[in-house]
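Q: Supplied in structure tokens, the structure appears directly below.
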Amino acid sequence: MIKKIRYLWIGIFLFASVAQANTLVEAIEVKGVQRMEPSTVLSFLPFDKGDEVSQATLDQSLKELYKTGFFSDVKLSLNKNTLVISLKERPIVAQVSISGNDKIEEDVLMNEIHMKERDVYTPAKLREDVKRLKTIYQRMGLFSAEIETDVQNKTRNRVDILYRIKEGPKSYIEKILFTGNKHFSSADLKEELITKEKKWFRFFSSTDTYDPDRLEYDKEMLRRFYLRKGYIDFNVKKVSAEMDEKTKNFIISFDINEGNRYRFGKADVQVTLPEVDIQKLKKQIAFKKNQIYNVDYIEETIRNLTDELGREGYAFVEITPVSKKNEQRRIADVTFKIKEGARVFVNRIDITGNSRTLDKVIRREFRLNEGDPFNTDKIRRSKQRIDNLGYFDKVDLKTVPVANAPDKTDIAVDVSEKSTGSFNVGIGWSTYDGLLFEVGVQERNFLGTGKIVGVTASTSDSETQVDLSFTNPYFMDKPISAGFDLFHIDRDYTDDSSYNAITTGGALRSGWDYSEHVRQTVKYTLQRDNVTDIDQNASIYIKEQEGKNVVSMIGQVLSYDTRDNIFNPTEGFYTSLGIDLAGIGGDTRFIRVNANAAKYYEVMDQWVLSVSATAGYIYGLNQDVRINNRYYLGGSSLRGFDVAGVGARDKATGDALGGDWRLTASTQLMFPLGLPSEFGIKGKVFVDAGMLGRPDGHYVSGTIDYNNTPRVSVGTGILWQSPMGPINIDLGFPIVKEDYDETEVFRLNFGTGF
């Protein structure tokens, strides 16, 4: 028995020894390859001819060959000392084509197909590409789209792939429903959503089609809305989308819980940093006790505290707002807990997706550089600046931790470029200029450098103008803009002052930012002015202005701008001071000063009150100010009065003579009219006031009408951001005026480009 056991152990040992024995590979034979060279196959192996290999090595080799993705079948066998590799190559894609797509451009679909010509074909890759194409169609609201594939075998182990698309009808949003909303109507909440119900007037929009990703964003929009209104406990319990099988349209339901409304209670700051003035930090709190709780004020306070601590030398801080709710009193005390944060620096900024725009054009918009301390607020501002370039449909910016370096982070920026060139043809009409026609070509990202090149020509009943402009926003790779303008303007003033003015010239300009809100611009202008075609019955004071003059002028504008949006502001402040000096050469000499200021308040949701004022003064240097350089008042500068309708006027001819100074002030309230926001229609009421000074020069007593008493008008109107361009309708009614003033109750302007 013992002898049998001994023999058994000897047998097991011998078997194991044989199993683990290595084999010397003297030759390697590759079979089945058609396109690939045998030497390429051998490069994937973890050993060479002449090496000894074990079974484990062969198993690993099998895995490596499959891992390449080039082969659908791999077999390894040893014939004495020869390794035989039998392969079945995957096909190569010869051609990719799409048919049946009418509603989405082929280029858009091709960009979503990852398996391109000369790539290795696999059924798995094909399924993924079909999935991506369906996602594109779903985002366009085409949920009934069907995509079939036809894989056709070609010679030399190649395949053609054809995507046959049946697009079907669009799936619209039939209705949006809310449950659980007690304090805000469903109509109010619908205004906060990006997703909209299908309406006849939304033919320019795709927001009325079903998009699951958009619904996720809508949930966040609702949350932000309620947090701004004081509802701290708000949450979206459920969002459901049901498709009507008959119409293929969707009904969206939001089930929400509003909770109670809170006001701010006590506000405090707790700091663990040494030598920090607590009272100075408390002044950075952006809200008052008993104000309605608003998350925007919380975020503004965090930004204020971060900036203040940064000025104190603390680049790495962590600020956590902690709200303590009193449910009975419905008050929330907020404490901002500040401690020193982890010391994190920017390691690398990676930019992808910009096939045309140069890296440096994007990189220069960053408010921090590689090696700088990481700052969340500067990251947010950087993304905003890249968005504001207008070169990209999408800007995704995220931070990526650096392996084995906890004190460093990478910033990854992925952009999706859009067209930046435009050819515009415009048509418009106003009560003053009459019919306006404009044509222009502009490229806002010339050769991907960020430079702006444009040429525009326009003509109307009262003016013909041609402009050529060039701007380099980063001259010599510095944050300084530089550019030039060439222009020719032929202006008809016969209705107001019985003459025409022709101006031809050019300008050199430059500008730079002192800070995020303060900007300086300087400009040199050289132009020739020609006062011509004076009516034979014109005022003697107009006739003496006839002739040509050369203006050589240097000027500057210093501006401060905190508006939230330069085109449609709802809050913020703007002011500027401009000074021009003419007489550095040429034969026209004057100094001119212009000042502007405007303040915007959102008095309630979508109700915006603005208060603005302007002041201007021009002084002739040892000569009278020419008529075409003077100020005029009326039209858009003082609604209710005609263009140049206020100011000195020749008694005999009625010609407007302008003035050497001007003051205006305006208060305006913009408000919604209860129409859907897509209409872009807002109402307004306004009060305008203005004064125009007497023109320089010698005037015979009793020959002109003039006094500098203020003129005042009140009015109402409509602003429509229409698909055909902005349309402004004003009804102005003068309530303080002189008998010789010329009034204009109705004023309309509209224009478009297409």
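Q: Assigned to a loop (DSSP other than H, G, I, E, B), touching a residue at least 40 places away in the same chain (Cβ under 8 Å), surrounded by 15 or more Cβ atoms within 10 Å (Cβ to Cβ) and of a type in the set (Lys, Arg), is that true of residue 261? Lay out the reasoning, then the answer.
A: Details: assigned to a loop (DSSP other than H, G, I, E, B): yes; touching a residue at least 40 places away in the same chain (Cβ under 8 Å): yes; surrounded by 15 or more Cβ atoms within 10 Å (Cβ to Cβ): yes; of a type in the set (Lys, Arg): yes.
Spelling it out, residue 261 is indeed assigned to a loop (DSSP other than H, G, I, E, B), touching a residue at least 40 places away in the same chain (Cβ under 8 Å), surrounded by 15 or more Cβ atoms within 10 Å (Cβ to Cβ) and of a type in the set (Lys, Arg).
Q: Find the residue count for segment 525-574, including only residues that are assigned to a strand (DSSP E or B), open to solvent by 20 Å² or more (accessible area, probe 1.4 Å) and of a type in the set (A, V, I, L, M).
A: 6
Q: To continue, here is another question. Which numbered condition in (1) modelled with pLDDT of 85 or more; (2) exposed (fewer than 11 other Cβ atoms within 10 Å of the Cβ) is the only one that residue 54 fails?
A: (2)
For every residue, the table says whether it meets (1) touching a Pro at 6+ places or on another chain (Cβ under 6 Å); (2) open to solvent by 20 Å² or more (accessible area, probe 1.4 Å); (3) not β-branched (Val, Ile, Thr); (4) not in a loop (DSSP other than H, G, I, E, B).
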| position | (1), (2), (3), (4) |
| --- | --- |
| 582 | no, no, yes, yes |
| 585 | no, yes, yes, yes |
| 591 | no, yes, no, yes |
| 595 | no, yes, yes, yes |
| 599 | no, yes, yes, yes |
| 619 | no, yes, yes, yes |
| 625 | no, no, no, no |
| 643 | no, yes, no, no |
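Q: Does segment 77-88 contain at least one residue that is among the hydroxyl-bearing types (Ser, Thr, Tyr), touching a residue at least 40 places away in the same chain (Cβ under 8 Å), open to solvent by less than 60 Å² (accessible area, probe 1.4 Å) and not in a helix (DSSP H, G or I)? Please lay out each step first, then the result.
A: Let us first name the residues in segment 77-88 that are among the hydroxyl-bearing types (Ser, Thr, Tyr), namely 77, 82, 86.
Within this subset, residues satisfying the condition of being touching a residue at least 40 places away in the same chain (Cβ under 8 Å) are 82, 86.
From what's left, open to solvent by less than 60 Å² (accessible area, probe 1.4 Å): 82, 86.
Narrowing the set further to residues that are not in a helix (DSSP H, G or I) leaves 82, 86.
Yes, some residue in segment 77-88 is among the hydroxyl-bearing types (Ser, Thr, Tyr), touching a residue at least 40 places away in the same chain (Cβ under 8 Å), open to solvent by less than 60 Å² (accessible area, probe 1.4 Å) and not in a helix (DSSP H, G or I).
Q: Find all pairs meeting these conditions: Cβ atoms under 9 angstrom apart; at least six residues apart or on different chains; first residue within segment 702-729 and on the phi < 0 side of the Ramachandran plot and modelled with pLDDT of 95 or more; second residue open to solvent by 40 Å² or more (accessible area, probe 1.4 Å) and of a type in the set (Asp, Glu).
A: Listed by first residue and then by second, the contacts come to 711/738.
Q: I want to confirm something. Restricting to segment 336-362 and keeping residues that are of a type in the set (D, E, K, R) and open to solvent by less than 80 Å² (accessible area, probe 1.4 Å), which single residue is farthest from residue 264 (Cα to Cα)? Please lay out each step first, then the result.
A: Here is the first cut: in segment 336-362, the ones of a type in the set (D, E, K, R) are 337, 339-340, 343, 348, 350, 356, 359-360.
Now restrict to residues that are open to solvent by less than 80 Å² (accessible area, probe 1.4 Å): 350, 359.
Numbers: 350: 42, 359: 45 Å.
Out of the qualifying residues, it is 359.
Q: Look at segment 502-518 and say how many of its residues are surrounded by 14 or more Cβ atoms within 10 Å (Cβ to Cβ) and either touching a Lys or Arg at 6+ places or on another chain (Cβ under 9 Å) or on the phi > 0 side of the Ramachandran plot (or both).
A: 10
Q: Tell me, yes or no, whether segment 667-678 has at least one residue that is under 23 Å from residue 501 (Cβ atoms) and open to solvent by 10 Å² or more (accessible area, probe 1.4 Å). Outline the logic, then answer.
A: Step one: filter segment 667-678 for residues under 23 Å from residue 501 (Cβ atoms), giving none.
No - not one qualifying residue is present in segment 667-678.
Q: Just a yes or no: is a residue in segment 397-416 part of a loop (DSSP other than H, G, I, E, B), open to solvent by 40 Å² or more (accessible area, probe 1.4 Å), charged (D, E, K, R) and closer than 20 Å to residue 306 by Cα? Don't jump to the end; show me each part of the working.
A: Taking segment 397-416 first, the residues part of a loop (DSSP other than H, G, I, E, B) are 403-404.
Filter once more, keeping what is open to solvent by 40 Å² or more (accessible area, probe 1.4 Å): 403-404.
Subset that is charged (D, E, K, R): none.
Within segment 397-416 (the criterion being part of a loop (DSSP other than H, G, I, E, B), open to solvent by 40 Å² or more (accessible area, probe 1.4 Å), charged (D, E, K, R) and closer than 20 Å to residue 306 by Cα), the answer is no, since none of the residues qualifies.
Q: On the given criteria, is residue 296 within 30 Å of residue 176 (Cβ to Cβ) and outside any strand (DSSP E or B)? Spell out how you get there, then give the answer.
A: Working: within 30 Å of residue 176 (Cβ to Cβ): yes; outside any strand (DSSP E or B): yes.
Taking the combined requirement at face value, the residue satisfies it.
Q: May I pose another question? Of the conditions (1) open to solvent by less than 60 Å² (accessible area, probe 1.4 Å); (2) aliphatic (A, V, I, L, M); (3) at pLDDT 85 or above, residue 21 clears all except one; give me its number.
A: (3)
Q: Now a separate question. If a residue must be open to solvent by less than 80 Å² (accessible area, probe 1.4 Å) and either at pLDDT below 90 or charged (D, E, K, R) (or both), how many such residues does segment 145-158 contain?
A: 4
Q: Tally the residues that are hydroxyl-bearing (Ser, Thr, Tyr), surrounded by fewer than 18 Cβ atoms within 10 Å (Cβ to Cβ) and either in contact with a strand residue (DSSP E or B) (Cβ under 6 Å, 6 or more places away or on another chain) or more than 30 Å from residue 632 (Cα to Cα) (or both), restricting the search to segment 471-501. Break it down stepwise before answering.
A: Of the residues in segment 471-501, the ones hydroxyl-bearing (Ser, Thr, Tyr) are 471, 474, 481, 493-494, 497-499.
Narrowing further to those that are surrounded by fewer than 18 Cβ atoms within 10 Å (Cβ to Cβ): 474, 494.
Remaining after also requiring either in contact with a strand residue (DSSP E or B) (Cβ under 6 Å, 6 or more places away or on another chain) or more than 30 Å from residue 632 (Cα to Cα) (or both): 474.
Total satisfying the criteria: 1.
The values are calculated or read from the model by the stated rules, or taken from the named source; none is laboratory data. Keep in mind the model is a prediction, meaning the values are calculated, not measured. Cβ atoms come from the backbone with ideal geometry, glycine included; neighbour counts cover every protein chain shown. Calculation scope for accessible area: heavy atoms of the full protein, side chains included, ligands and nucleic acids excluded. Shrake-Rupley method; radii C 1.70, N 1.55, O 1.52, S 1.80 Å.
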